[in-house]
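The values are calculated or read from the model by the stated rules, or taken from the named source; none is laboratory data. Computed from a predicted structure; not experimentally measured. Cβ atoms come from the backbone with ideal geometry, glycine included; neighbour counts cover every protein chain shown. Quick note on the areas: whole protein, heavy atoms, side chains included, nothing else; ligands and nucleic acids left out. Shrake-Rupley method; radii C 1.70, N 1.55, O 1.52, S 1.80 Å.
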Amino acid sequence: MEARDSELEKELNATLQARSELGPEYESALIDSFLEKVDRRLDETLDRRVRRHLAEQQITIARGARAPQEPLTNFGERFGFGIVSLVLAIPLSAIGVANAGIEGLVVAWLGIVGVNVAQVVRSRPLFRRSEERAKSDWED
């Protein structure tokens, strides 16, 4: 990686040298040119990493191992979210009762339940089939 960094450093130095020779009126064109080179370098690196990742997955599948899957849920995240929503339910309930009586309490708890249901649906899609879950976004 250091070789590629030195190449990028040489490009930057050349751009700065050209800027000092050409003057500030060409600054935006020089910067755009340098950023294009950086963008191209990033694209090449990303393409190489994606190809390597796909090759590793294909080798793993060819050897008979299961394809890596991302975990469906995170227990710590769900547990923490539940605790926080219960702790916040106390002042929300008090505010709802103080301002609108029993109707305010019902609205506050409907909001709490709605937020928790949305969290569950977001973290664990119920209607996905197992074949769709196993299929990667990178596959054709």
- request: Please determine, by comparing only the residues of the stretch 34-44 that are surrounded by 11 or more Cβ atoms within 10 Å (Cβ to Cβ) and closer than 16 Å to residue 9 by Cβ, which one is farthest from the chain's Cα centre (by Cα).
  value: 34
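Results for (1) surrounded by 13 or more Cβ atoms within 10 Å (Cβ to Cβ); (2) in contact with a strand residue (DSSP E or B) (Cβ under 7 Å, 6 or more places away or on another chain); (3) modelled with pLDDT of 85 or more, shown as yes or no for each residue.
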position	(1), (2), (3)
59	no, no, yes
62	no, no, no
77	no, no, no
88	yes, no, yes
97	yes, no, yes
- request: Collect the residues in the stretch 48-57 that are free of Cβ contacts under 8 Å to residues at least 24 places away in the same chain and open to solvent by less than 80 Å² (accessible area, probe 1.4 Å), keeping them in residue-number order.
  value: 55
field: Unmet requirement for residue 82, which otherwise passes all of (1) surrounded by 10 or more Cβ atoms within 10 Å (Cβ to Cβ); (2) at pLDDT 85 or above
entry: (2)
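Each row is one residue, and each column tells you yes or no for (1) in contact with a helix residue (DSSP H, G or I) (Cβ under 9 Å, 6 or more places away or on another chain); (2) modelled with pLDDT under 85.
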| position | (1), (2) |
| --- | --- |
| 4 | yes, yes |
| 10 | no, no |
| 22 | yes, no |
| 31 | yes, no |
| 41 | yes, no |
| 48 | no, no |
message: When you check residue 128 against the structure, is it at pLDDT 55 or above, open to solvent by 50 Å² or more (accessible area, probe 1.4 Å) and closer than 30 Å to residue 61 by Cα, yes or no?
response: no
